[in-house]
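Have a look at the structure below, then the notes.
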Amino acid sequence: MVAVLLGVLLLTLLLGVPIAFGMGLAAALWIVFVEGLEPSILVRRMYGIMSTFPLLSIPLFTMIGALAERCGLLPELVKWLQMLLGRLRGGMAYINVANSMVMGGVSGTAVSDVASLGRIEIQVMKRAGYPASYAAALTASTAVIAPIIPPSVAMIIYALAAGGVSIGGLFMAGIVPGLIMGLGLWVMAWFKSRRANFGHRLDRPEARVILHQTFKVLPFLVLPVIIVGGIISGIFTVTESAAVGVTYVLLIGFFVTRSLSLKDVYETVLYSSVISSVVGLLLGTGAILSWILTRNRVTQELADFLATVTTDPTLFMVIVAVALLCLGMIMDVTAMMIALAPLLVPIARQYGIPDLQFGVVFVLSCMIGMITPPVGILLFMTASLAEISLEDVYLAILPFVLASFVLVALLILFPPLTLWVPSLFGFR
């Protein structure tokens, strides 16, 4: 059965059919011609997942990052961090990491991070004497922090695809890993800047200048507190927090910076709608495939097979992580999460692995695929922004990819890294 579904899916991909349509076609052919069921099942299964309220948070979080850029808040953030960290050796690299950690608490997507801040970060690093390849590689690597630190669009997609996983719990589980990843990249930047003598130091401005710039970026710095704090405190649901974030940025853009126009809002809504429609279609067709696999006991048969390989939960997670890291080199990460999460989560539960730990390991392993050759989308984006060849970025990204592998291993071996913070807020 799996061979038939995969065969149809691979054939459509080779013909250039978008993956969502390929998944839907494979599922439709199986339901109608193999099982002889009513075609209306396709509509019901797709609607079931696409009508879920949390799905609305995806375009809203995407809008927050896009609106913040159009408000002019992001360049001001870079300028503020330059004032604070520019006097340090390697300060531009530290700023790159800090930007992504702040941006991760706002938009929650790696692509938005690079699209909104990537050009500024790479230009600043190049002017400071960093090689373009290193600037591009670091920018791509730091962007992976965004889907780990809450809020995270990738975690929302994973929770919707897997079913029965708390989005708020996943957000809390991503806090410590996100901070560890940021700290690790900071340490790597420290060593690299000193060994290769990258970057130059900037003169520190007067205290009153720094204070004035702090007031200019304060509205943006408050935004992650509103979003994440609202979710943690239970005041907002994830979707409501995204809506509040959009409203807040609109108010800042219209009445504080006064740099936002109705045309900007229209273009942002259009951009977010296109992005989320792709995700929604993937979730819908993925839900049909998941239902077919469950109905035909494929998940249970795979679980039985893995039980003959190992009964150790840690080894199972290692196998899953390695498989995801390899698939991430050749597959779109969103499609990979939607296709595999419904298959692997029930098996992980049989091994007794906590949902939140497995979810963070799963998401991070998939996200690393965005910076691994040959199809890492972040590599294409940063190479274009830095105006260098992909081959140059491939070589420069390897140390960062290895560091990401180490983080995945730590999350597997030490469950409290993902479970401690959620337990403080009653998530299990």
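The values are calculated or read from the model by the stated rules, or taken from the named source; none is laboratory data. Keep in mind that what you see is a predicted model, and the values were worked out from it rather than measured. Positions of Cβ are generated from backbone atoms using ideal geometry, with glycine treated the same way; all protein chains shown enter the neighbour counts.
Of the residues Glu206, Glu240, only one is farther than 18 Å from Leu56 by Cβ, among the acidic types (Asp, Glu) and free of Cβ contacts under 8 Å to residues at least 24 places away in the same chain; which? Checking each option against the conditions leaves just Glu206. Ser112 meets each of the listed conditions (1) surrounded by fewer than 24 Cβ atoms within 10 Å (Cβ to Cβ); (2) under 17 Å from the mean Cα position of the chain (by Cα); (3) modelled with pLDDT under 80; (4) not aromatic (Phe, Trp, Tyr) apart from (1). If you go through the range 333-353 and pick out every residue that is assigned to a loop (DSSP other than H, G, I, E, B) and crowded, with 20+ Cβ neighbours inside 10 Å, you end up with 1. Annotation note: Cβ proximity below 7 Å between a residue of the range 286-306 that is surrounded by 21 or more Cβ atoms within 10 Å (Cβ to Cβ) and a residue that is at pLDDT 75 or above and among the basic types (Lys, Arg) (sequence gap 6+ or interchain) occurs for Ala287/Arg45; Ile288/Arg45. If you go through the range 352-399 and pick out every residue that is of a type in the set (Gly, Ala, Ser) and under 16 Å from the mean Cα position of the chain (by Cα), you end up with 4.
Please work out if Val246 is closer than 30 Å to Pro75 by Cβ, in contact (Cβ under 8 Å) with a residue 60 or more places away in the chain and not acidic (Asp, Glu). Here the answer is yes, as Val246 does meet what is asked. Residues being assigned to a helix (DSSP H, G or I) and within 16 Å of Met370 (Cβ to Cβ): count how many of those fall in the range 90-115. Residues meeting the conditions: 9. Evaluation of Leu42 against the conditions (1) at pLDDT 75 or above; (2) under 30 Å from Gly168 (Cα atoms); (3) under 27 Å from the mean Cα position of the chain (by Cα) shows that the sole unmet condition is (3).
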